[in-house]
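Each remark here refers to the structure printed beneath this line.
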Amino acid sequence: MLRPKLPDIPTPPTTTVTPQQTQAPTFSAGRTVTPYVGVGVGAVAAVAVVGIVLTALLAAVAVSAVSVAIAAVVLRSLLSSAHKR
């Protein structure tokens, strides 16, 4: 009964594009790229080491907090049972 009318798809204009020729950047003769790559790898390694150390410290603090909480509950239980006697 009611049929939607789809819009006509416009055809893109056909133009030929000629690629531009560019020259590769030339590096100065006295400097190489390898020191910059080494700095990047060192920075990534440093960030990874810092992340691992911080995670280990956070885990140590969490384990210490749990052990202190358990010791507090045990001591509280022992002291409250001693007062009841």
ask   = So A62 fits all but one of (1) surrounded by 10 or more Cβ atoms within 10 Å (Cβ to Cβ); (2) among the aliphatic types (A, V, I, L, M); (3) at pLDDT below 95; what number is the exception?
value = (3)
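Evaluate the following for A24: is it open to solvent by less than 100 Å² (accessible area, probe 1.4 Å), assigned to a loop (DSSP other than H, G, I, E, B) and either among the hydrophobic types (A, V, I, L, M, F, W, C) or modelled with pLDDT of 95 or more (or both)?
On the way: open to solvent by less than 100 Å² (accessible area, probe 1.4 Å): yes; assigned to a loop (DSSP other than H, G, I, E, B): yes; either among the hydrophobic types (A, V, I, L, M, F, W, C) or modelled with pLDDT of 95 or more (or both): yes.
Criteria met by A24.
The values are calculated or read from the model by the stated rules, or taken from the named source; none is laboratory data. This structure is a prediction, so every number in the text was calculated from the model and none was measured. For neighbour counting, all protein chains shown are included, and Cβ atoms are generated from backbone atoms with ideal geometry for every residue, glycine included. In case anyone asks, the SASA skips ligands and DNA or RNA and just uses the protein heavy atoms, side chains included. Shrake-Rupley method; radii C 1.70, N 1.55, O 1.52, S 1.80 Å.
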